[in-house]
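The values are calculated or read from the model by the stated rules, or taken from the named source; none is laboratory data. Please read these numbers as outputs of a predicted model, since none were measured by experiment. Note: ideal-geometry Cβ built from the backbone for every residue, glycine included; neighbour counts use all protein chains shown. With ligands, DNA and RNA removed, areas are computed over all heavy atoms of the protein, side chains included. Shrake-Rupley method; radii C 1.70, N 1.55, O 1.52, S 1.80 Å.
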Amino acid sequence: MNANKGSPRGHMAAWAVLTALALTPAALTGELAGAQAPATTLVFDKNPDDPTDSTLSVRQGGRLRATYRAGSGLGVQDDCARAKGWIPDGNWRIRSSTRTYDGNLIKGYAVHLQDMPCSRGTVTRTEMFIHSETDRDGGEGTSEARRWDGPGDYESNGCVKLDPADIEELFRLLDRIGWPTHLRVVP
């Protein structure tokens, strides 16, 4: 029977469909399916065999979106060794991000992380970032500190360090899928 003809059965069927659609979880919470993207997560996975050959991954929900080679420290696994050891494990709150950071050592693309005590609590690691070696504008510089020369440049004073092309790609990806609130560092 055609519901437009005014039959009771047609009206009941139409009412049942509309009620079922109206009472879906998305309708009850005011969200439309797919309107809210899953949370984005950054994970730095330390490589104990070579801290300068670790990985930084971007996950959205359960899906791996990107993986980048990254380094931390000067080959020292002691996370309490200030300016030499790799970044301590834990969930680091992201303070800010910018493409034009102009610090004393760090320039250009930078994600500033919270201060956090090392594993033994003897030192608080401060001025920690995800960054690369570039000029303030994110371009390649001429001095060693501003020019990426290869694998040796993954060394840092403890920050998470990426190739300049990778950090630019990371920023574009996070601008598109949503910025995380934390960096999770795992052994």
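Structural remarks
- Restricting attention to the stretch 15-65 and to residues that are assigned to a loop (DSSP other than H, G, I, E, B) and charged (D, E, K, R), the residue that is modelled with the lowest pLDDT turns out to be 31.
- The set of residues in the stretch 44-67 that are touching a strand residue (DSSP E or B) at 6+ places or on another chain (Cβ under 6 Å) and either open to solvent by less than 10 Å² (accessible area, probe 1.4 Å) or without any contact (Cβ under 8 Å) to a residue 60 or more places away in the chain (or both) comprises 44, 47, 51, 54, 55, 56, 57, 58, 59, 67.
- Any hit, the stretch 145-155, residues being open to solvent by less than 50 Å² (accessible area, probe 1.4 Å) and closer than 15 Å to residue 181 by Cα: no
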